Structure formats: structure tokens, C-alpha cells
Amino acid sequence: LGKLVYNITQTPQIWLDHQVVEEKDGVLLIWDAVEGLFPKGMLADMLAAYHGLLQRLANAPEVWYQKMHSLIAVPGLSKIQKANSTEVPVTEETLYSLFIKNVSEAPNHPAVIASDRTLTYEQLAWQVDRVANLLTNRGVHPNTLVAVCMDKGWEQVAAVLGIVKAGAAYLPIDPDNPAKRREQLLIDGKVDIILTQSWLVEKLDCPEGLECVAIDHMVFEYVDTAEDQSRPDDLAYVIYTSGSTGKPKGVMLTHRSVVNTILDVNRRFNVGANDKVLALSNLNFDLSVYDIFGILAAGGSIVMPAAPKNREPSYWADLLKKEEITVWNTVPALMQMLLEEVEDQAMPQSLRVVLLSGDWIPLNLPRAIKACFRKAEVISLGGATEAAIWSIFYPINEVEADWKSIPYGKPLDNQRFYVLNEWLGDCPVLVTGQLYIGGSGIAKGYWQDQEKTQNSFITNPNTGELLYKTGDLGRYLPDGNIEFLGREDFQVKIRGHRIELGEIEAALLESPHVQSAVVIVEKEVVSLAAGVVLKEDKPEIINKLNAFLTKRVPGYMVPNKIVVLDKMPLSINGKVDRAKVKEKLEQYKSAQAAWDEPPQAGLESQLAAVWSAVLGVNRLSRNADFFLSGGDSIKAVRILGQLHKKRLAPQAIPLQTLFTKTTIAALAGEIRKLRGQKDLIDDQSLEEGVL
């Protein structure tokens, strides 16, 4: 090959120029690059890989008949992967056996602290035995599903532990889900028994043939201990996620996979008997798996918020103070809401570990957390529901000024993360590829759906390893960490919930009035918007579609804006042109703004300022609908928190108010009604900053 020359230039006409000059003894290869435009180390790796490929082609004629991707050596990657792979002995424990150990070691230590009662480890074990005995007598057996449909409370903990002790797996169902979706999950899960609470029995209206058992009506006294039926390779739970075809997917996780994750996290962050977690995540969100089983495995205490107040940051702050919470485990948005609530308060310094996952972490959030909770270690965790809660972690110390996002990190124990190209070969450092998860954490597949399982859980033909294809994009950083770069398909995350846009589109198409539908994400407000083509020209139908969807999908999947399109924009190859759909929705927003009436001076303008700050919208009409402006349940909580904090309302406003008084004008009217004062005095006092 002759000589290899690498020049640094200051002429930025192009990023990289490659020249080949023939000489007597071979060829001269010249790379001319603007080094400042490339991440540190990237050019050297590219050049080494290219030079190695040419040498192989020159010295071994037979390699010309091999596939190109098998010929490219990736400099330094094996070293990174070896450093990132941490193997530890595999345990034979189950989620129940980890709990019962602490019952014998500390029977009187608080296990669950709920609003209505505290259960010690021994008392919780009694309740678990009742559930396990009940289920065993009903004939449940390994790898069958028992539904849990409950509000927050100690009953959730007793239910899931009792189910796994009986050898079955639990299927969490949100009681606030539409009845049609609840029924869909029960049928798909082949469920015979639903564990619930007495006040929900009537609401659930259990389908015929299903037994509905209220845990809180079981007699609270000692019973004979039921035999532990759980085994490491049996299913522990099935959590349903959004499906692109309109049908949710049930992810199957075994005890072995989940135990591996929670033992690693507990060891890594020294979680023990003195720790308390505030269990804010819903049972059908896999962060709750750690809140319950992870903390009980460590011998700690679960603090269960009361269901009616579970969405109020002021209540979270009170519990942090009262119970001296040490472990926080939520999506980033909930931590942001807490910090907004306690901005001017002196908070106790008991919080020592903050686990953030399920969504992008704002770059300014770690610093804000440490300013409020000085002893807190902030940890970013990532992965997929299909891989036992988390598979990758990154301790956040200082956030560098040039960072675009928090690094995804390095794999947890016995788990592996890969950045692979289209041939399932390794991508070089700093080259974007698809993220795959391997190791002991990955799920058994999707419940009753072999086709989807085979599409997502694949065997790498180059290594023979079973992998889960996440659908995410990422790249290796020179220090060995992985950087997350977003999705490669139409799957998104809203408040930590993974959503397939196709499922919402399929639900819209169930309407007899909708001919075609497309759902997009409006990045500026991180909200969903939908464009529909109607079968008939009846604009009033659009107002009914929101209610139509509410009966079919969870609230976080209902678009904040639904707009009628004359026809569906198509690309040259006949596919829906989502970029043009987004343009049309933006045009709709602009046209709408032209005739919108501005907020009136006083209370309405004060409310508009709060809405604008939370929704990220510069201009709002007094008639702007909260949900059509990018609002959702979490933002509703934030707005109500700001109203209390800024003293714009003299008394607490129920969260439900924003779901019924959805415009600035309507909300202002409700506040005035609560005050019982004349509008003039009310607005004038607000302008002067006096109640």
C-alpha cells in the first residue's frame, strides 16, 4: 500500500477529502480533514479501520468474496465491550424468597407504610399467605396470569407477592384505563381471577366468568403458611405496552431476570434496611417493580401515597419530610415537579439516591436536584420493559457545557448493550447504530404472540447470542459509555410510557366517521397531535373523537390536538408524508391563533402566564383548550401546583377541575366562584399582588 498520510487543514470547504496517488512502490493515501468538525478520536479510528480493510484486500485475494461488513475491524471496540461486560454469579433466588428472608431477620421492621396502616414484614407476610392460599385453592399454576387492578395502597404489595408465591405471574391493569382496554387485557391474558379493592369492585364491573376478589376485605389474622411455589425461570409478571397494530403487547419477565437487576441496583447504590422509597409509579409501569420487590429485597420500607393525592407534588413534599424518604425512583418529569413545588422550602437531607429513567433527563435537572438535596447521588437508568426494568446506568456528576444529552451509560451486571449496524455487526466508536440488549435481563418474549417475539427477540448470526432489538439509536463514546440518540421508528415516550403511534391511529380508525388517520409528536411541547380525514364533511364530529378515544386508550395516549384534513398527504412512494402532516397541523395552529381572543386583564392574564410557562406556548387565547394546547395530566398537576404557589387561588383546587374547566376563561370563572368575590375586586387585587 505504500505510505499513509493524514493532514490537518484549515480549509473547511468539505469535512474530509481523500486522495490516492500512485507511486513506484505502491499508492499514497492522503486524508485531508477539518479536525475540529469531528469528535476527538473519530478520525483516527476511521483511518485505522479503512487502512486495515485495504491491507486485507491487498494481501488476501479470497476476502474479496466475503461480505464487506465482516472485513472491517473496529479499532478499540473489543476493549470497550470487555470493560463494559460485568459478569457476576447468577442467583437462584426468586422475588418472593428475597422478601421472606427479611421476614425472619426483621419481622417487626416496617415493610409498607400506607396512609391507612403500616404493615411490618411479618404482618405483610400474613397477608401474602392469604392471597397465595386463595390462589392455590383456585388452581392457579406457574406461568398463568392473575390480574391486579388497584389504586395505590398496601393491597398492591400483598397482591403481587401473593401471586408470585403461588407460582403465578401478575398482570397489572390500571383501574383508570377505559373499560374496553381493561377487558381487552383480561381476555388476551386469559385471566380467571382479578385482585382488587372493595371500592373498585363496582367500577370494574368484572366480565362474566371472572372472579373479582377485594384484598382489603380479607380477614386480617394469622393463617397457616402457604408453600412457596415460585421458581427462578417461571414468569413473575406480564406488563402490556403499546402495540403498532392497535393491539397491546404483553412483555413476559421471569424471576431470574428481575432478581438480577434489583440485586445489582441494591448492591451498587447500597440500598438497605434503613432506606425508604416513595412509590409514585403506577403498578402497570415497570418502575414499580423496583419500588416493591427491590426495596423489600433490601429490607427497606415502601411508602405508599394515598390514591387521591398521588398526583400532588405538595403531598410528595410532605411525605418526603414526614417519612424521611431516602430513595427516589421516577421519570424525570415528576422530580421536576417536586423541585418546582419545594423551590422556596427547606427540605430534609435524607434523600440520598435519585433514580431517573423512562424519558430524557433535562441537562439542568441534576444540578437542581443536588442544590435541593445536597447528599443525593443522581443516577440515570435506561433500558426497556423487555429487559427487566433497567439494563444500563450512568452516575451523573457534573454535566459538561457542550453535552447535548445525558449519556446512556454502561451495562448493569450480567447485561450487555450493543451498537450494531444493519448486518448486526459492531459499529465503530462514535458511529450511530441500532441498540440491542443481551444478557440475563431480557424477557421471554410477548405473551401469546410468537410472531412479534420472533421479530423483536433475535439471534445474532455473527455471535449466536439472543438479543432484544430496542428500536433505539445510539453510539459508543470514546470513554466506553453509550449515547442514546432517539428512536428509529414511530414509537415515542410520553411521561415514561412507551407508545406506538400506530395503536392510536388504529383506535381512531375504529370510528365509523374516520377514513384515515395519522398521529405525530409535536417536539416543542412533547405532545401528541392527530390529523384525520373524515368520511363525511361534518366538522362537529371532531369534537366527539376525543371522547371516542378516551374510551379506548389510556389518557396519556389521547392526542392533545385532532385536526380535520382534506386529504392525507402522501410521499412519492405512496406512504403518509408525516412532515407535510406536521406542516398542516402547524398551519392550523397559526390560523387558530389569528381569531383567538386574548386573556382579559387580571386573573385571566395571570393564569395565561402560568399555562404558557408549563405548556411551553408563547401565546394563548382565553378560549384555548388546555389539552389541545399540549396539556396532559402531569402538566395539569404542575399548573395547579403553580396556582397554589403563586396564590392565584385561595384554596386547593381539585385536579379534576382542569379536566372539566379546560379553558383559561372557564378556569378563571371557577376560581372566582370559589372565592365568592366580585370580578372587579378579584382582578384588581391580583394585579396588586394581594388576595
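The values are calculated or read from the model by the stated rules, or taken from the named source; none is laboratory data. All values reported here derive from a predicted model rather than from experimental measurement. Note that each Cβ is placed from the backbone with ideal geometry, even for glycine, and that neighbours are counted across all protein chains shown. For the accessible areas, the whole protein counts, side chains as well, though only heavy atoms, and no ligand, DNA or RNA atoms are used. Shrake-Rupley method; radii C 1.70, N 1.55, O 1.52, S 1.80 Å.
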Residue span Ala106 to Ala371: 0.36 nm per residue of separation minus Cα-Cα distance leaves a gain in nm of 91.9 nm
Relative to the compact-globule estimate 2.2 N^0.38 Å (N residues), the Cα gyration radius of the range 393-505 stands at a ratio of 1.14
Taking r as the C-beta separation of Trp64 and Val90 and R0 as 41 Å, the FRET efficiency to the nearest 0.05 is 0.40
Counting only Cβ distances under 4.7 Å between cysteines, those in the chain with no partner are Cys149, Cys372, Cys427
Listed by chain and number, the aspartates and glutamates with an alpha carbon less than 18 angstrom from that of Lys538, same-chain partners under 8 positions apart left out, are Glu510, Asp566
For the range 359-414, using Cα atoms only, the Rg and Dmax in Å read 12.2, 35
Residue separation between Tyr556 and Lys645 times 0.36 nm, minus their alpha-carbon distance, gives in nm 29.5 nm
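In whole percent, and with a 1.4 Å probe on the protein chains, what portion of the accessible area of the range 357-497 is carbon and sulfur? Could you put the intermediate results ahead of the total?
Details: 2810 of 5850 Å².
Ligands and nucleic acids excluded, carbon and sulfur reach 48 percent.
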With x for Gly and Pro, the residue-by-residue ³J(HN,Hα) of the range 99-114, computed from phi through the Karplus equation 6.51 cos²θ - 1.76 cosθ + 1.60 at θ = phi - 60° and given in whole Hz, is 5, 5, 4, 6, 5, 6, 7, 9, x, 9, 6, x, 9, 10, 10, 9
Karplus ³J(HN,Hα) for the range 550-563 (6.51 cos²θ - 1.76 cosθ + 1.60, θ = phi - 60°; Hz, whole; x = Gly/Pro) runs 4, 7, 10, 10, x, x, 6, 9, 7, x, 6, 8, 10, 10
Karplus ³J(HN,Hα) for the range 179-192 (6.51 cos²θ - 1.76 cosθ + 1.60, θ = phi - 60°; Hz, whole; x = Gly/Pro) runs 4, 5, 5, 4, 5, 4, 5, 5, 5, 5, x, 6, 7, 10
Taking Cα atoms only, Rg over Rh for the range 123-235 with Rh from the Kirkwood formula is 0.94
A 1.4 Å probe over the protein heavy atoms gives the range 120-190 a carbon and sulfur accessible-area percentage of 47
If the label point sits 7 Å along Cα→Cβ of Lys203, residues of the range 298-338 with amide N under 14 Å come out as 306-311
The answer for GluC sites (Glu not before Pro) in the range 369-432 that fall in a DSSP coil and have at most 11 neighbouring Cβ atoms within 10 Å is Glu398, Glu400, Glu422
Rounded to a whole %, the carbon-and-sulfur portion of the accessible area of the range 198-351 at a 1.4 Å probe is 46
In this structure, among Lys247/Lys452; Lys635/Lys673; Lys584/Lys661; Lys551/Lys580; Lys635/Lys661, pairs with alpha-carbon gaps over 19 Å are Lys635/Lys673; Lys584/Lys661; Lys551/Lys580
For Thr254, other-chain or 5+-apart residues with amide H closer than 5 Å (H placed, Pro excluded) are Ala236, Lys444
Any aspartates and glutamates whose Cα falls less than 17 Å from that of Lys321, other than same-chain ones fewer than 8 residues away, would be Asp275, Glu312, Glu340, Glu341, Glu343, Asp344
Summing -39500 (n - 2.57) over every DSSP H run of at least 4 residues in the chain and dividing by its residue count gives a helix-only mean residue ellipticity at 222 nm, to the nearest 500 deg cm²/dmol, of -9500 deg cm²/dmol
Result for the chain: accessible area per residue, probe 1.4 angstrom, in square angstrom, of 45
Kirkwood radius from Cα pairs of the range 408-471 plugged into Stokes-Einstein at 10 °C, 1.306 mPa s, gives D in µm²/s equal to 127
Between Phe417 and residues 5 or more places away or on another chain, the pairs with built amide H atoms under 5 Å apart involve Gly438
Amide H proximity to Thr144 below 5 Å, modelled H, separation 5+ or other chain, gives Ala169
For the chain, the charge dipole (Cβ of Lys, Arg +1; Cβ of Asp, Glu -1; about the Cα centre) points to a positive end, and the Cα of Asn59, Leu351, Ser605 closest to that extreme belongs to Ser605
DSSP beta bridges in the chain: the antiparallel percent, rounded to 5, is 65
